[in-house]
1. By its C-alpha gyration tensor, with a ≥ b ≥ c as the square roots of the eigenvalues, how is the stretch 10-330 shaped: rounded for a/c under 1.5, else prolate for a/b larger than b/c, else oblate?
2. Okay, helix-only estimate at 222 nm for the chain: each DSSP H run of n ≥ 4 adds -39500 (n - 2.57), divide by all residues, round to 500 deg cm²/dmol; what do you get?
3. How big is the accessible area of Leu215 in square angstrom, nearest 10, if you roll a 1.4 angstrom probe over the protein chains?
4. Just how large is the dipole of the chain about the Cα centre, in debye to the nearest 20, putting +1 at every Lys and Arg Cβ and -1 at every Asp and Glu Cβ?
5. How much area per residue is accessible in the stretch 232-332 when the probe is 1.4 Å and only protein heavy atoms are counted (Å²)?
6. In terms of modelled amide H atoms, which long-range or inter-chain residues lie less than 5 Å from the amide H of Leu96?
7. Using θ = phi - 60° and the Karplus relation 6.51 cos²θ - 1.76 cosθ + 1.60, list the HN-Hα couplings for the stretch 67-84 in order, rounded to whole Hz, with x at every Gly or Pro.
8. If I stretch the segment between Phe38 and Asp135 completely, what's the gain in nm (0.36 nm per residue apart, minus their alpha carbon distance), one decimal?
Amino acid sequence: MDEKNRPLRDLRISVTDRCNFRCTYCMPREHFGSQHPFLPRNELLTYEEMVHVIASLLPLGLEKIRLTGGEPLLRRNLTTLIEQIRELDSSLDIALTTNGALLHDHALSLKEAGLNRVTVSLDALEQETFQSLADTTSHTPNAILKGIESAIEVGLGVKVNTVIKKNVNDAEILPLAEKFETLGVPLRFIEFMDVGNTNAWQMDDVVSGGDIRRLLRQSFGPLTPVQGQKASEVAKRYRTPSGYEFGFIESVTSPFCGDCTRARLSANGQIYTCLFATKGHDIKSILRMGGSTQQIGHAIASIWTKRNDRYSEERGAQKPKDTKVEMSFIGG
Ligand code: SAM
Ligand code: SF4
Ligand code: SF4
């Protein structure tokens, strides 16, 4: 347990800090251009090292792994990592967060390797809006939809995440809602967050979960909060009269730090105890000095015991630090 009585149940692993998109709210091109110092290969944890960390956390009660990044499907042979995790523990819940651009090609092999679930990020169905938000001309919303359909076909659990920025893609809320209700795929709206230091976040650009629900009610009718959700579930769910559920991840207007059981492992082997942390704790050195699972488990347990992060609950109470780590590095 950490200082606030929160157990460590989820580990998010950033398998790469690189991405084939440049979403303006995450990796704005002016900060992540060709001169950006991405991690060199020898600094990246190997799959064996990641599995070693996971093995060390199982005795602490780890239940879920989420592979993320950057764009995790850019890391070569990701299925090998999934197979190794599955071999280590047949009951761990293994999920992947992806922008979906490469999902169509990989869905079947990911499923066969033992992946349970995939969360696909998609912020617009309208091509121009999509390409301007993701700052790409090489990918289209149709390709992402094709990836989503392939993931459903092979039997992966699928959810879709959408970040809404005011005056950028708010016109996409209803089209996305209608599309995914028809497909029967849960859609979750994420409030635009002040993660990192490069996305020029300001409160005025946030569209709150409450605002989105008001809009959805006009088309879908009353939304009833779903009772009995697990405390560690970050999305608050609301059901339409037809039984479809929308999720809302309201880390700005309704933070959920009290139930936060997530640790993050960056691609270069540092443990972060909060998405908004300014520094990580080096685990790679222990791994590369041949640390046993017991030694690594002990090191992470001692970091976790001292954890008292609750950034989102304190947002606004203090001046934001300009040394917060970037989301593409730490893993979203
Ligand atoms: N590249 C993958 C993707 O986009 O799904 C995985 C990594 S990405 C950092 C993980 C999630 O973080 C995505 O759903 C993305 O929309 C979300 N995200 C990134 N920056 C954000 C921000 N400033 N506010 C809210 N969500 C953000
Ligand atoms: Fe890449 Fe995902 Fe960040 Fe977009 S949100 S830039 S797809 S890591
Ligand atoms: Fe967890 Fe930090 Fe987010 Fe709070 S702000 S929910 S402690 S990651």
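The values are calculated or read from the model by the stated rules, or taken from the named source; none is laboratory data. Quantities reported herein were computed from a predicted structural model and do not represent experimental measurements. With ideal geometry, Cβ positions are generated from the backbone for all residues, glycine too; neighbour counts draw on all protein chains shown. SASA here: full protein model, heavy atoms, side chains in, ligands and nucleic acids out. Shrake-Rupley method; radii C 1.70, N 1.55, O 1.52, S 1.80 Å.
1. Cα axes put the stretch 10-330 in the rounded bin.
2. Helix-only estimate at 222 nm: -9000 deg cm²/dmol.
3. 50
4. In total the dipole reaches around 600 debye.
5. Value returned for the stretch 232-332: 44 Å² of accessible area per residue.
6. Correct list: Leu67, Arg117, Val118, Thr119.
7. Whole-Hz 3J(HN,Hα) from phi for the stretch 67-84: 8, 8, x, x, 9, x, 6, 7, 7, 5, 6, 4, 4, 4, 4, 5, 4, 5.
8. Taking Phe38 through Asp135 to full extension adds about 33.1 nm, to one decimal.
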